[in-house]
Amino acid sequence: MSKKFDVVALGELLMDMTENGVSPQGNPLFEANPGGAPCNVLAMLRKLGKNTAFIGKVGDDMFGRDLRSVVEAAGIDARALLTDRQVRTTLAFVKTLPGGDRDFSFYRNPGADMTLTEEELPLELIESARIFHFGTLSMTHDAVRDATKKAVSVAKNAGAIISFDPNLRPPLWASFDDAREQIAWGLGRADVVKIADNELEFMTGKTDFDTGAAELLEKFPDIKLLNVTAGPGGSYAYYRGLRVHVPGVKLGGVIETTGAGDTFCACVLNYVLDRDLSELTGDDLTAMLRFANAAAYLVTTKKGAIRSMPERAQVEAVLPTFNK
């Protein structure tokens, strides 16, 4: 089968209710920013000219309708974005902490994204992907977990590169043991992994990135490219014995970090699509990380994610501002 789509992603599409000041009465104001990690990734890939499609569910409500419009406006194929008539769209209230990090409160018990089932999967769409991307918010509950695992199996059997982002959100898990088990399942099927520094420590108990990465690569030998993100500390790539670090962009103006990791992930996948995953060099990895870091930085200077993705020219304009 010909690969019609560069990247197909499955998972959550939700509304990030992001703090945005206070009212004249002193009440907190929240801005409804369309988001959800898998769709954030696809939105950035569209900015880079890649053909993408999303699989997921929203509710039959004002948020679900708005999210569908945003996905379609971003140029993401939404044929497999379903509507649940009974369960509402998931909301994530985002409190911005000093330095731009966030604290999440999810309204998702249940949320429409949790109700996707195996029977609803568009198998031909999945088989038509060069890369299949997923995270763990679609693995927190039984039905959508089964759907996610079936989709990964179908994509892998069809020859797709499997991309995985743990995207750990502790409040959504019944237990840390369950979270570790499902993250380990994803790591065991992935070719390309984007993992944050706190998630690396969560899975290995190691705070040293090199030690933690080595442990993961030994335990999950099918991972071909492992990327570790460290916020202002930049990012690391581990590939066939190579280890590359590129510092983060420190131009100031950071508002909040929602979508930064997803933007980074998208840029990595874009690089993989344009090259041969089996033949990357140290220079390739450096160029990949520099572009991904720059794009991720730009997203942190705005609120939200899907509507905040930068154009390629904006990313390229940042690249000369930090050393290779």
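Every number here is computed from the coordinates shown, using simple stated rules; none is lab data. As the structure is a prediction and not an experimental result, all values here were calculated from the model. When we count neighbours, we look across all protein chains shown, and the Cβ atoms used for this are built from the backbone with ideal geometry, even at glycine.
The packing ranking, built from the mean of other Cβ atoms within 10 Å per residue, places the peptides 262-272, 200-210, 68-78 in the order 262-272, 68-78, 200-210, highest first. Karplus-based coupling profile of the stretch 243-256, in residue order and whole Hz: 9, 10, 10, 10, x, x, 7, 10, 9, x, x, 5, 9, 6, with θ = phi - 60° in 6.51 cos²θ - 1.76 cosθ + 1.60 and x standing for Gly or Pro.
Using a cut-off of 19 Å between alpha-carbon atoms, which lysines can reach K250, once sequence neighbours fewer than 8 places away in the same chain are excluded? Cross-link targets: K302, K303, K324. When only alpha carbons of the stretch 120-224 are considered, Rg and Dmax amount to 13.8, 42 Å. For K4, the shell of other residues with beta-carbons less than 14 Å away shows a net charge of 0, using +1 for Lys and Arg and -1 for Asp and Glu.
Gap in Å between the Cα centre of the stretch 170-201 and the Cα centre of the stretch 241-277? After rounding, the separation between the Cα centres reads 19 Å. Post the alpha-carbon centroid distance, the stretch 42-89 to the stretch 283-323, in whole angstrom. Here the two parts' Cα centres lie 24 Å apart. Of all aspartates and glutamates in the structure, the ones whose alpha carbon falls short of 12 Å from that of K3, not counting any fewer than 8 places away in one chain, are E124, E127.
Protection proxy ranking of 166-174, 131-139, by the mean of other Cβ atoms within 10 Å over each peptide's residues and highest first, is 131-139, 166-174. Under the membrane-span-like helix rule (DSSP H runs whose alpha carbons stretch at least 18 Å along the helix axis, mean Kyte-Doolittle hydropathy 0.0 or higher), the chain yields 260-274, 282-300.
Helices in the chain, meaning DSSP H runs of at least 4 residues, each add -39500 (n - 2.57). Divided by all residues, the mean residue ellipticity at 222 nm is -11500 deg cm²/dmol. Treating each Cα of the chain as an identical point scatterer and summing with the Debye formula, the log10 of I(q)/I(0) at q = 0.06, 0.08 Å⁻¹ comes to -0.18, -0.32.
DSSP beta bridges fully contained in the chain are about 40 percent antiparallel. When only the Cβ of Lys, Arg, Asp and Glu is charged (+1, +1, -1, -1), the dipole of the chain relative to its Cα centre reaches about 600 debye. By the rule of a C-alpha distance below 18 Å, with chain neighbours fewer than 8 residues away ignored, the lysines paired with K206 are K194, K219.
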